[in-house]
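Notes for the one structure printed next.
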Amino acid sequence: MPNAEGPLAGKRGLVLEDEFLIALDLEELLQGAGAEILAVSRIEKALEALHDKGPWDFAILDRHLGNTTSAGVAAAFAEKNIPFLYLTGSRSASRPAAPAPDAPVIEKPYQPDKLVSAVVQLFGAR
């Protein structure tokens with residue numbers, strides 16, 4: 001249940017993360033900060049949720065999902081002008097390419113307070 005007093009109170013977010021425990025941790029962290037969260041592990045589910053379960057205020061996208069990336073989901077969120085950030089366990093590519101080269105990138109393992117702050121900052125970028 002979202003924390004009504006948190007810095008993300010009243011916000012709805014989508015998390016695309018293929019590692020179950022990380023997704024669970026993100027869901028708990030963001031709900032504790034006040035957001036209503038839907039966590040999904042597959043690109044198809046993220047796109048379905050974007051179109052069928054919105055409106056969304058923000059998204060957190062794992063950049064690397066198995067042998068693919070979340071670039072298609074990022075493009076769909078960018079098209080709808082919904083802010084998002086990337087999570088990555090890869091230190092080799094710090095800046096994302098198109099469709100959102102300026103999207104914030106948070107490296108795993110992330111610090112919970114910095115992740116919440118990065119999400120809050122997304123709303124100033126709108």
Original post:
Out of all the residues in the range 7-25, which are farther than 14 Å from D57 by Cα and touching a residue at least 60 places away in the same chain (Cβ under 8 Å)?
Top reply: E17, I22
**OP:** Please enumerate the residues belonging to the range 39-52 that are under 19 Å from A71 (Cα atoms) and not in a loop (DSSP other than H, G, I, E, B).
**Re:** A39, V40, I43, E44, K45, A46, L47, E48, A49, L50, H51
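Limited to the range 31-66, what total is found for residues that are of a type in the set (V, I, T) and over 27 Å from P7 (Cβ atoms)?
Residues meeting the conditions: 1.
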Subject >> Selection status of K45, of a type in the set (K, R), surrounded by 13 or more Cβ atoms within 10 Å (Cβ to Cβ) and under 13 Å from the mean Cα position of the chain (by Cα) >> reply: no
Original post:
So, of the residues in the range 9-23 that are under 13 Å from the mean Cα position of the chain (by Cα) and not in a strand (DSSP E or B), which turns out to be surrounded by the fewest Cβ atoms within 10 Å (Cβ to Cβ)?
Top reply: D18
**OP:** State whether one or more residues within the range 101-108 are without any contact (Cβ under 8 Å) to a residue 40 or more places away in the chain and either of a type in the set (K, R) or in a helix (DSSP H, G or I) (or both).
**Re:** no
Original post:
When you scan the range 75-111, how many residues do you find that are modelled with pLDDT under 90 and charged (D, E, K, R)?
Top reply: 3
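Answer yes or no: is there a residue in the range 53-75 that is assigned to a strand (DSSP E or B), surrounded by 17 or more Cβ atoms within 10 Å (Cβ to Cβ) and of a type in the set (G, A, S).
Scanning the range 53-75, I find at least one residue that is assigned to a strand (DSSP E or B), surrounded by 17 or more Cβ atoms within 10 Å (Cβ to Cβ) and of a type in the set (G, A, S), so the answer is yes.
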Original post:
From the residues in the range 17-66 that are charged (D, E, K, R) and within 20 Å of S117 (Cβ to Cβ), which one is modelled with the lowest pLDDT?
Top reply: R63
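The values are calculated or read from the model by the stated rules, or taken from the named source; none is laboratory data. It should be emphasised that the depicted structure is a prediction, and the values quoted were computed from it without experimental measurement. Positions of Cβ are backbone-derived with ideal geometry, glycine not excepted, and every protein chain shown enters the neighbour counts.
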